[in-house]
Every structure is written in C-alpha cells, then in structure tokens.
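Novice: If you scroll down you'll find the structure; I have some questions about it.
The values are calculated or read from the model by the stated rules, or taken from the named source; none is laboratory data. Predicted, not measured: the structure shown is a model, and the values here were computed from it. In this analysis, Cβ positions are derived from the backbone assuming ideal geometry, glycine residues included, and neighbour counts consider all displayed protein chains. Areas reflect the complete protein model, heavy atoms only, side chains present, ligands, DNA and RNA absent. Shrake-Rupley method; radii C 1.70, N 1.55, O 1.52, S 1.80 Å.
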Amino acid sequence: MEQLSLLDVRNKIAAGDIKTADYVRQVLSRIEKVESTVGSYINIFGDEAIDRAAQIDEKISAGQKPGALAGVPIAIKDNMCTTFGQTTCASKMLENYQSPYNATVVEKLLAADAVIIGKTNMDEFAMGSSTENSSLKKTVNPWNTSRVPGGSSGGSAAAVAAGLCSGSLGSDTGGSIRQPASFCGVVGLKPTYGRVSRYGLVAFGSSLDQIGPVTQTVSDAALLLNVIAGHDEADSTSVEQSDAPIDDYLNKINEPLDGLKIGIVRDSTEGADEDVKRSLNEAVEVYKGLGAEVVEVDMPHLDYAVAAYYVVATAEASSNLARYDGVHYGYRSPNATDYVEVYTRSRAEGFGDEVKRRIMLGTYALSSGYYDAYYLKALKVRNLIRQDFDKTFGQCDCIVTPVAPTTAFPIGQNIEDPLKMYLSDIYTIPANLAGIPGISIQAGLDSNDLPIGLQILAPAFSESKLLRIARMFEKNTQWHKSKPKIPSE
Amino acid sequence: MAKLKYKGLIGLEIHVQLATASKLFCRCAVEFAAEPNSRVCPGCLGMPGSMPVMNKQALERAILAGLALNCNIAEFTKWDHKSYFYPDLPNNYQISQYDIPVAADGYIEIETQPGQIKRVRIRRAHLEEDAGKNMHAGNYSQVDINRAGTPLIEIVTEPDMSTGAEVRAVAIELQRIVRYLGVSEADMQKGQMRFEPNINVIIEQNGDEFRTPIAEIKNLNSFRAIQGSVDYEIERQIEQFLESGTVMEMGNKSTRGWDDSRQVTVLQREKEEAHDYRCFPVQNIPPVKVTPQWFDEIRGRLCELPLSRQRRYTQQYGLSDYDARVLTAERGVAELFEAALKAGGDAKRVCNLITQAGMKLAKEAQINFDEFGIKPDKLAVLATMIDEGTVNASAGDKILTKMTQSEASPDKIAEDENLIQKSDESELEAVVDQSLAENPQAVEEVKAGGKKSKKARGFLLGQVMQKTKGQANPKVVSAILGRKLE
C-alpha cells in the first residue's frame, strides 16, 4: 500500500475522498500484519479507533467543519497521560496505572478530531537511546529488525516508519524524539522548551522535557505542531502567546528562505561514523546549491554538554521519580513487611536498571557536599552552552549537525555499556540544555541501507523558520521517500 | 552555693496556615475536617504528569505577613524541592523555599510590661506546602491527603526570648497580627498555627558560662502549653546540667513533646538525625518577580497593627489596657470602634457598648461584633443617647440587642420599645406627688431618718418608676424626691 502523508490523509478525509473508518481499518490491518514484527505499540485502541472514526465520518457527512486532524490516526508515546488505556511509561512500576486525566496534548489532539490509535513503546520513563530499556515490550527498527529503533521515543518513530499511524507524539529530554527519528528515517521535531504544554507528560527532567511530533514529512510535523503548540494554564512554563506568538507553521512551509546562513560547528563530527560525516557534507552542499551561505562557528562548551546533561537530567529525575513508592498508586511489592519496605522493595522491584542507575546518579549529584561540585557546576556549564548558542545565532540562521554519531546500532550492542549509550545523544543534548528547537530529517542511507538523519537547530521560538529550512532540503531531495521493507509485509 | 545565674535562650519556629480558598499549587479547596481524601486532585496527589501552578493569593498573603513582621521582601520568589520519603508526602518532596525565603530579617514587638516593648528578631519567613496526615489504626495505617498542599508560612525567629511568658506573648502577638491582616485564621486547635520552641539555657557557674543542649518542643496546642512547656524545660535543663554537666554540642539537640495532663516535657528523639533534603530549584514553576506596582498594592493592605493600636487607645482615649486589648483583638471591631468615634460617639461610652453588651451578643452569635453589620454612625447615636440621658444604660443594652437584629436606628427602637426616659420635671413632679400621697408611712419613715429611711426612699422611687413604666429618669426623680422630703 502506498503510504499517504498525514497531510494527505487529512485533506482526503476532509474532502470526503476517503472515509475515516476505511482508512483507520486499513491502518489497523497493517498493524495486524507487521506490528508483531516491529513491536511499536504497548497498547492499541482498535475498537475505540473504529468507533471514533465512525463519529468523525458522521460529523463530516453532516456538514460540520472537521478539526485540523480530522480522522487522522495518531499514536502517542506511553508517557503522556490518557484516561483511556494505561499510561505505563514502559515501566513495571506503572504497568497497570490508569490516569484520571488527559494530558493537554491529548486533549488538543482529540479536540482536533484526531483518532488516537495507540500508545507507543519507549525506554522506561524515557531513559535510554534504544528503547531496549522498556520493561514491557521489545521494539525493532523497521529498516532492519536486528537493529534498535533508537530511543527513548523508539515506538513512536518505528510506528511512523512502518506506516502504523499517520504521525505520532514523542518526548525529547536529550534527543528522544530526534535520535529515533534519525534511526527510523522519519521527521522528528523537538519544539522550543515552553512551546508545547507538558501538563500530563510524565516528568523525567522537567527543565529539559518537551513533547513534539514524529512524522513522515516536514509539513506533517508543522501541522501536528499547529495543533499541540500553545500556552496552557496548567503548565506554568508554557510560554504566553504574547511573549512568543504561535505561527501557522504550515502557512509558508514551502517558501525557501532567502539569504539563508547555515552554521556548521568546527571540529564537531570527529566521533561520528564516516557515512554520517559524508551525509552531513552532502546536506550542506544541497543547501549551498539552494543559495545558502555556510559559516563555520565555534561552540567551545559543547564538549561538556553530555556530562552536564547527565547531572542535570538525573538530578531532576531523582526527585521527579521519588513519587513512585507503592504507597499511593502504581506497583507495590507484595513482599513488603513494613512501611519502609513498601518503599524500598516496591522501588527495587518496580524500576529497571537504567532508571535506578539514573536515580542514584541524580541523588548523588544533589547530596550535601556534592551539590556545588556537580549540580551547580552543571548548571553553570548549561548557561555557557546557552551563551554559545546565543552568540552563534548572531552569525547564522541555523546550525546543522548529525543527529547521532551512528546509524541504528544492533540490538544488544550498547545495552551493557551505559556510557557508550549516553554518547549517542551527544549531538542532540545541547538543544535541550539551551531550550532551543531542533529537527531531525532523513538525509541519507548508510552502507547498510540504514537511514542517516540531519539535525537542524534554530533559535528559541523560531520553529517557523526551522521548519521552512528543513522543508527546503526535503523538497530538493528524495530521502524522505525511501521506506523500509518489513519482512512480514 | 551562690544563687545560680542563668538565662533562657529561646527561638521559635512557627507554621502559619494561610487563609486561602485553595491550595498552594492546585485548585483544591482548603478545608478543615472534610471527609478524608475528598479535597484532592492529580496535583496534590502527586500523580504522574501533574504540574504545580502557584496560588498568587498565597504569595501575596505571605508578603503581607512579611511586611507586618518588618521583613525585607525578596524581589522574586523561587521554589525548591525538599526531598524526603514519608507516606503523607505524595511526591516525596515538599515544595518549599530554601535559599531565598519570601521574607527575611524582620522583627516582632511584644509588650513585656505595660509600656515596655521588646523586639524579637525574625530570621526568615518562607512559603511552603503542608503535608497530608498519616492515620494509624491497629496494625495498618492510612493516609489522608486533604491537607497536603495547604499553604503555610514558616517563620523562624532568632533566640531572642528568655522566658515562657515572652514566648507566649510573641505567640499571641503573632496570632493577632496574622488575623488582623486576614493572612490566617490562626486557630491553634485546628492546627492553623503551630509553634515549636527551641530552648536552651546559658548558665553561669564559677565564673564560667555553659550552654545546655537545645531541645525542640512539639505538640503545643495552646498558649498556656507554650508558656508552661518553656518554663518547665528551662528548669529541667538547669537541673539536668547540675546533675550531669552535659553541655550543648554538635548533634545533641533533642526533640521533646509536651504532656499537657502531667505538665511535663517528654523525650521523643534523643539525637537530631542528619537529614539530607537534597534541596534544588523547582523547574516547573518559573520564579515570580514581585514588581514595584504589585508590591505597593500588597503594601496598601497593611494597617495599623494591634499592639500599636492598643497602645494608642490607652494613650489617646484613656481606655484601660484590658479594654484596649479587647477592642483591638479583631481588626473589624477596632475599625468599627474608630468609625463610631469619628461619627461623634464618646470613646468610653462606645467602648463600653462594644466590650460589654456587644461582646456578649457576639459571643452568643459566635461571630465578631463587627460582623453584625451595625453602622458606626448608629452606634455613635446610641452612645450619645445614653450619655445625654435619653435612655438609661440598661435600655441602651436592649437597643443594641435590637440593632443586631434590624437596621432600625437606635432612636426609633427606643421610641418603639418605650425606652425613652421621662426627664420632664413638672410631669414627673405630679407622679411623685401622687406616690407620696399614696404612701404616707414611707414618707414618715424617710423623714424620721435612721435605719429605715434609705429603704423607704428606695421604695418611693420604685413607686414612681412603676407608675411611669420604668421610663422616668431616676436621677430626675431622685432630685424631686429629695426636694420634697427635705
């Protein structure tokens, strides 16, 4: 079956060319065929999706104005709260947890008449870069089932790549949207911190987390962002419309930027695979061919980004994850004999190794006597990185980098080596530390026919420009049209 | 042995619950004694994905309290996670203020003796959320989260108090201030105000100075308990020092509870545990800047505080300390009192109306006197009517009672209820003459003087009052009687 873009599906349904119910059934039957191979979903709402599709069809045939995503099957990472199904965070801790409320993004999708088709697999509590840390499910890369899909939003990226939804939402704390998008050959956008409400996103690192779209095309990402962006009373860190107005991101998406200046960071790709470097250089040539000027920029503090990130993110996580204690909800150890054991055993049994590792790291970084040396110092580094970006964006419109040093790596290769795993986020982490938006688009295939991503970073709240720059590349290349061949297809 | 020289060294840690409609970081109602876990939401239950949204009213009230305590107010307010695991704390961290309290470096004044003012320094006052409550039953425990997230200010004083009486005075004064400003209802019984004194004693012995180990006292739910426990603890520490010679050192601070029935403090925890709360800034609430306009607006809600008002009443109006204290206890009552004076009422008369009949009525109705809604000008009119003899004092009380029930003016009530005194001499003289004529024996007894004279005179006065249905002005009647019976 030819895979329609999200925008195509939306337009065809709105125009009455196809019925939502037919399309949803089509997607569900594809899920039936390949999901057992890919494993992108923790929960699929098949019956509910069909019911909802029928409602939307009725609405359209009754002549009511359809919402911006009317009839479009969307998948949601399983760390966003929904009153339907569970919200597991791919953790034993929340395996049976049902949220009493919907995340703001979920409400917005529903208000736009989207069909929420399922909730996707992820690294437990969004901690990881391969989705191997899921305690509930194994997800593989649709391009090569022996490879990881990336993470932590691996399920969201794999589902889009495999055509198991029209688009999905992921969350990005250190690259968790962009890196799996790169590994799976789809588009992943991390908006500016504060652009999209985090209310109902299960917190990992509250100063870093951001929800964003994973889609097949740049325009699809713009359309999804249109729906989910905006200030929310329930999230005090979401930016007021008056401070950073939201554009219609689709509006000028096809207009190239005149006089575009692209920054490349000097000596930044040393650790990357040759294929990745080559692909970046080719991408730069594409932009040059479109009239862009390329400037070399220096970001002296980038070397410390990964270290600073793993202090800040784990410190916040250690506090954010303290609430999972077996007392109020979630997993409670049946082996506890007193109240202290309710805590210790529930947490020991309910959390996976990587989550425990990060809680311990963060607890240590915040402990008295270590706070200044670790947490405070990391905040200072973070500030310097912000300043690096501010300075750099004085010289160019955007920065292009690889998304990750490698393409999708074999399942099991890095799982026993956390440091190696952490380094796969080396190019994505700085955007989270600085709060700026970043996008990952496909810009090549490596020697193993695995997708290679290109990352574009832009100043805070300039998503409109960022999407247009990404679209320039997409319009003039064919990479986004390459699709994986799934064995069970 | 020479008499021991010592001085108590007492600082207070005070938690004051702010009188806000909703909690500090969610919209749940703050309500005492509601059904367990009925005032909760994903936010105060610490459910995944929930986010705190600051209650601006709570911050304003904390700033107001800080200003009343003469503190410097922080230009911006930030929040910190304070981490510890306990079942009544759903997030297992409390949102508090660690390095930048909303208010710092102030003082509170108390009157140690009439006219003598002492300042107790305030180190800091910060906002934080309360925890829930653990309830233990048999071999299991339950948690009630209703209270979790209730806004508190924690006030920490310097150890500037030295006796139980001083600590009590500070506690009472603080309660008056926060009630005055509407910052808190400050009901100790409801736990809206909780005091924890930290006590030790400096003892001079053989020219050397010793400090006893610090004890913190918990479970104090009355002003009497505060004073009693502090005084008890000072004596206990002196005795313990004389017995054992133990002095203050790192880690030997203890926690004691007050046993109200036995009037003793009881050891709860021997050594202070070294807690590491791993405080760090909350990321989900951006720091709030207190703009100059906003600050001025809050400062505009300050008013003359009870102690200074009380002192002014004694000096300016010549009221007794007691009356001044009663009048100033509630801001609304004090304001009504002052408004009535402005409307022409005499200070002492208005004071008597409020503090005597008025307070009695208020107590019966279980409200503050001002809450009857009596207009100050009407109160002034009533006071003047009594002063001018238009009605007598007991009729005044009756009129006041009616005024609490209706909007009618005091003169109208007096007329309707036939309470206006008859002071017309010629009219009363006729009644006196009639009474004298009807009671010749009593007249004789008065004229005879001696034992029975006074009683007979009272009898005659009573006759006149009876004939006039109590409306005769007794002063005028007495004068006529006196003249007639010379």
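Novice: Can you report the number of residues in the range A:456-466 which are within 17 Å of A:G230 (Cα to Cα) and buried (at least 24 other Cβ atoms within 10 Å of the Cβ)?
Specialist: The total comes to 1.
Novice: State the number of residues belonging to the range B:54-98 that are over 13 Å from B:L127 (Cα atoms), in contact with a Lys or Arg (Cβ under 8 Å, 6 or more places away or on another chain) and at the interface with chain A (Cβ under 7 Å from one of its Cβ atoms).
Specialist: Of the residues in the range B:54-98, 5 are over 13 Å from B:L127 (Cα atoms), in contact with a Lys or Arg (Cβ under 8 Å, 6 or more places away or on another chain) and at the interface with chain A (Cβ under 7 Å from one of its Cβ atoms).
Novice: Starting from residues that are over 21 Å from A:G200 (Cα atoms) and crowded, with 24+ Cβ neighbours inside 10 Å, keep the ones in the range A:63-91 and report whichever is nearest to the other protein chains (Cβ to nearest Cβ).
Specialist: A:V72
Novice: Let me ask something else about it. Any idea how many residues of the range B:281-307 are surrounded by fewer than 12 Cβ atoms within 10 Å (Cβ to Cβ) and in a helix (DSSP H, G or I)?
Specialist: Number satisfying all stated conditions: 4.
Novice: Shifting gears a bit: Does A:R357 qualify as being within 11 Å of another protein chain (Cβ to nearest Cβ) and either charged (D, E, K, R) or open to solvent by less than 10 Å² (accessible area, probe 1.4 Å) (or both)?
Specialist: no
Novice: Here's a follow-up. So, in the range A:331-350, of the ones that are more than 9 Å from chain B (Cβ to nearest Cβ) and assigned to a helix (DSSP H, G or I), which residue ends up farthest from A:P430 (Cα to Cα)? Break it down into steps so the answer makes sense when it comes.
Specialist: Residues of the range A:331-350 that are more than 9 Å from chain B (Cβ to nearest Cβ), as a first pass: A:331-338, A:341, A:344-350.
Next, from what is left, pick out any that are assigned to a helix (DSSP H, G or I): A:341, A:344-350.
Numbers: A:E341: 39, A:T344: 35, A:R345: 36, A:S346: 34, A:R347: 31, A:A348: 32, A:E349: 33, A:G350: 31 Å.
Applying the filter and picking the extreme gives A:E341.
Novice: Residue pairs, Cβ under 8 Å, 6 or more apart or interchain, first in the range A:206-225 and touching a residue at least 12 places away in the same chain (Cβ under 8 Å) and open to solvent by 10 Å² or more (accessible area, probe 1.4 Å), second in a loop (DSSP other than H, G, I, E, B) and among the acidic types (D, E). List them.
Specialist: Hits for this filter: zero, empty list.
Novice: Additional query: Looking only at the range A:266-301, filter to residues that are in contact with a Pro (Cβ under 7 Å, 6 or more places away or on another chain) and not in a helix (DSSP H, G or I); which one of those is surrounded by the fewest Cβ atoms within 10 Å (Cβ to Cβ)?
Specialist: A:G271
Novice: Working only within the range B:220-239, note down all residues that are open to solvent by 60 Å² or more (accessible area, probe 1.4 Å) and farther than 16 Å from B:G11 by Cα.
Specialist: B:N221, B:R224, B:E235, B:E239
Novice: Report, by residue number, each residue of the range A:167-197 that is within 14 Å of chain B (Cβ to nearest Cβ) and either open to solvent by 10 Å² or more (accessible area, probe 1.4 Å) or on the phi > 0 side of the Ramachandran plot (or both).
Specialist: Hits for the range A:167-197 are A:Y193, A:G194.
Novice: Quickly run through the range B:192-219 and pick out the residues that are in contact (Cβ under 8 Å) with a residue 60 or more places away in the chain and open to solvent by 20 Å² or more (accessible area, probe 1.4 Å).
Specialist: B:R194, B:E196, B:N198, B:I202, B:E204, B:Q205, B:R211
Novice: Moving to a separate point now. Restricting the range A:367-379 to residues that are open to solvent by less than 80 Å² (accessible area, probe 1.4 Å) and farther than 23 Å from A:P430 by Cβ, which is farthest from the chain's Cα centre (by Cα)?
Specialist: The qualifying residue farthest from the chain's Cα centre (by Cα) is A:G369.
Novice: A:D390 passes all but one of (1) among the acidic types (D, E); (2) away from chain B (no Cβ under 11 Å); (3) farther than 30 Å from A:P149 by Cα; (4) surrounded by 17 or more Cβ atoms within 10 Å (Cβ to Cβ); which number fails?
Specialist: (4)
Novice: Identify, please: which residue in the range A:1-49 is of a type in the set (G, A, S) and at pLDDT 95 or above and is, among those, farthest from the chain's Cα centre (by Cα)?
Specialist: Of the residues in the range A:1-49, the ones of a type in the set (G, A, S) are A:5, A:14-16, A:21, A:29, A:36, A:39-40, A:46, A:49.
Restricting the remaining residues to those that are at pLDDT 95 or above gives A:5, A:21, A:29, A:36, A:39-40, A:46, A:49.
On the way: A:S5: 18, A:A21: 28, A:S29: 25, A:S36: 22, A:G39: 17, A:S40: 14, A:G46: 23, A:A49: 23 Å.
Ranking the candidates gives A:A21 first.
Novice: Out of B:Y322, B:Y313, B:Y317, report the one residue that is aromatic (F, W, Y) and loosely packed, with under 15 Cβ neighbours inside 10 Å. Steps first, answer last, please.
Specialist: Numbers: B:Y313 fails: loosely packed, with under 15 Cβ neighbours inside 10 Å; B:Y317 fails: loosely packed, with under 15 Cβ neighbours inside 10 Å.
Being aromatic (F, W, Y) and loosely packed, with under 15 Cβ neighbours inside 10 Å holds for just one of B:Y322, B:Y313, B:Y317, which is B:Y322.
Novice: Right, something else. Of the numbered conditions (1) more than 14 Å from chain B (Cβ to nearest Cβ); (2) open to solvent by 50 Å² or more (accessible area, probe 1.4 Å); (3) in a loop (DSSP other than H, G, I, E, B), A:H328 satisfies every one except a single condition; which is it?
Specialist: Condition (1) is where A:H328 drops out.
Novice: Regarding A:D235, is this residue open to solvent by less than 30 Å² (accessible area, probe 1.4 Å), out of contact with any helix residue (DSSP H, G or I) (no Cβ under 6 Å at 6 or more places or on another chain) and over 27 Å from A:T392 (Cβ atoms)? Give the steps one after another, and end with the answer.
Specialist: On the way: open to solvent by less than 30 Å² (accessible area, probe 1.4 Å): yes; out of contact with any helix residue (DSSP H, G or I) (no Cβ under 6 Å at 6 or more places or on another chain): yes; over 27 Å from A:T392 (Cβ atoms): yes.
Against the criterion (open to solvent by less than 30 Å² (accessible area, probe 1.4 Å), out of contact with any helix residue (DSSP H, G or I) (no Cβ under 6 Å at 6 or more places or on another chain) and over 27 Å from A:T392 (Cβ atoms)), A:D235 qualifies.
Novice: Against the definition (open to solvent by less than 80 Å² (accessible area, probe 1.4 Å) and out of contact with any Cys (no Cβ under 9 Å at 6 or more places or on another chain)), how does A:S242 come out, yes or no? Even if it seems obvious, please write down each step before you answer.
Specialist: Values: open to solvent by less than 80 Å² (accessible area, probe 1.4 Å): no; out of contact with any Cys (no Cβ under 9 Å at 6 or more places or on another chain): yes.
Judged against the criteria, A:S242 is not a match.
Novice: Then there's this: Identify the single condition in (1) open to solvent by less than 40 Å² (accessible area, probe 1.4 Å); (2) touching a helix residue (DSSP H, G or I) at 6+ places or on another chain (Cβ under 7 Å); (3) at negative phi; (4) not in a helix (DSSP H, G or I) that A:G444 does not satisfy, given that it satisfies every other one.
Specialist: Result: A:G444 fails condition (3) only.
Novice: I would also like to ask the following. So in the range B:117-136, with the set limited to residues that are over 18 Å from B:P159 (Cα atoms) and open to solvent by 40 Å² or more (accessible area, probe 1.4 Å), which one is farthest from the chain's Cα centre (by Cα)?
Specialist: Here the answer is B:H136.
Novice: Oh, and also: Would the range B:36-44 turn up any residue that is more than 29 Å from the chain's Cα centre (by Cα), at pLDDT 95 or above, on the phi > 0 side of the Ramachandran plot and open to solvent by less than 30 Å² (accessible area, probe 1.4 Å)?
Specialist: No, the range B:36-44 contains no residue that is more than 29 Å from the chain's Cα centre (by Cα), at pLDDT 95 or above, on the phi > 0 side of the Ramachandran plot and open to solvent by less than 30 Å² (accessible area, probe 1.4 Å).
Novice: Right, another one. Which of the numbered conditions does A:L379 fail, given that it passes all the others? Conditions: (1) within 11 Å of chain B (Cβ to nearest Cβ); (2) not in a helix (DSSP H, G or I).
Specialist: Among (1) within 11 Å of chain B (Cβ to nearest Cβ); (2) not in a helix (DSSP H, G or I), the lone unmet condition for A:L379 is (2).
Novice: Condition test on A:A404, is it under 20 Å from A:N133 (Cα atoms), more than 14 Å from chain B (Cβ to nearest Cβ), buried (at least 21 other Cβ atoms within 10 Å of the Cβ) and in contact with a strand residue (DSSP E or B) (Cβ under 8 Å, 6 or more places away or on another chain)?
Specialist: So A:A404 passes the test.
Novice: I'd like the full set of residues that are within 11 Å of chain B (Cβ to nearest Cβ) and free of Cβ contacts under 8 Å to residues at least 40 places away in the same chain, limited to the range A:92-115.
Specialist: Across the range A:92-115, the qualifying residues are A:Q98, A:P100.
Novice: When the residues of the range B:342-351 are narrowed to those that are surrounded by fewer than 19 Cβ atoms within 10 Å (Cβ to Cβ) and assigned to a helix (DSSP H, G or I), which ends up farthest from the chain's Cα centre (by Cα)?
Specialist: For the range B:342-351, the residue satisfying everything is B:K342.
Novice: Let me ask you something else. Taking B:K271 and the conditions (1) away from chain A (no Cβ under 14 Å); (2) surrounded by 18 or more Cβ atoms within 10 Å (Cβ to Cβ), which numbered condition does it fall short on, given that it satisfies the others?
Specialist: (2)
Novice: Can you pull out the residues in the range B:142-159 that are closer than 18 Å to B:N70 by Cα and open to solvent by less than 30 Å² (accessible area, probe 1.4 Å)? Can you show your working first?
Specialist: Step one: of the range B:142-159, the residues closer than 18 Å to B:N70 by Cα are B:153-159.
Result: B:I153, B:E154, B:I155, B:V156, B:T157.
Novice: Restricting to strands (runs of 3 or more DSSP E) lying wholly in the range B:120-183: which have 3 or more residues that are in the same structural domain as B:A103 (by TED's automatic domain parsing) and at pLDDT 95 or above?
Specialist: Hits in the range B:120-183: B:151-157.
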